[in-house]
């Protein structure tokens, strides 16, 4: 079987070009605030990519960076200030945060209409209810966009989600459920993972375990969505063994698959938040 690569990089570039054109027609630029604490290398790279992509399409992105020892109150006060700033349409807190900060409390403070990461309980609840008002978590939204763009029929398919984070796994599973999939979640306590993989038509691997999903487990013709970003001997790899692509019908490469879509969807969420806040 000759598997088809799902090119997330190209799709993200196409989407961002459309967003740039749409934003150029607005009376003012959408505003995005990014809050970063500390100098975690991966977070710094992610933030840099988000700032660069936002600037390229006309979104006014502002970074609020704090030292590792910043207090909970200082971050909370900033979030409240940004909630009340009409020039800020979207807001994210770059994760992970230092251990002394209460991540849940800070994310819950973000106004749901500005929660472009889709982590606020109200947006999570709206997602579960299938509400069009929900701002969806960027990575799951990007995954669904890729599946739909490739015209992959989801109805009645067995979908396996490996990893149950609130950032990717759980919201991705909910989106697939709403699009007609039978969804199974696998997690650290799952005991029969190879058998579950063998019966899955669609696999979303988001567990952060390098090449954990083996090629011999894969069902012939399965769709493989690899969210993992890992390094082995300095080389990037996903959560699915690279050789598994030979048995798949579609697969996302690492890098160049899901990653670029996460940034594109964050920008799209910011644009959509702007429209909703300005009643357009």
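Of note:
- Cα gyration tensor, the range 28-112 - rounded (a/c under 1.5), prolate or oblate: oblate
- Within the listed set 137, 12, 186, the residue fluctuating most in the Gaussian network model of the chain (springs between alpha-carbon atoms under 10 angstrom) is 186.
- Highest-fluctuation residue, 154, 51, 193 considered, GNM on the chain with Cα pairs under 10 Å: 193
- The chain, helix-only ellipticity at 222 nm - DSSP H runs n ≥ 4, -39,500 (n - 2.57), divided by all residues, nearest 500: -12500 deg cm²/dmol
- Counting only alpha carbon atoms, the long axis of helix 41-57 and the longest principal axis of the chain meet at about 70°.
- Shape of the range 138-258, Cα gyration tensor, a/c cut at 1.5: rounded
- Evaluated on the chain, the Kirkwood hydrodynamic radius is 19.4 Å, with distances taken between all distinct Cα atoms.
- For the chain, the longest principal axis of the alpha carbon atoms and the long axis of helix 138-149 meet at an angle near 50°.
- Mean separation of Cα contacts under 8 Å (6+ apart) over length of the range 28-112, as relative contact order %: 42 percent
- For the residues 79, 23, 45, a GNM of the chain with alpha-carbon springs under 10 Å puts the largest fluctuation on 45.
Read-outs throughout are calculated quantities, based only on the coordinates presented, and are distinct from any laboratory measurement. Keep in mind that what you see is a predicted model, and the values were worked out from it rather than measured.
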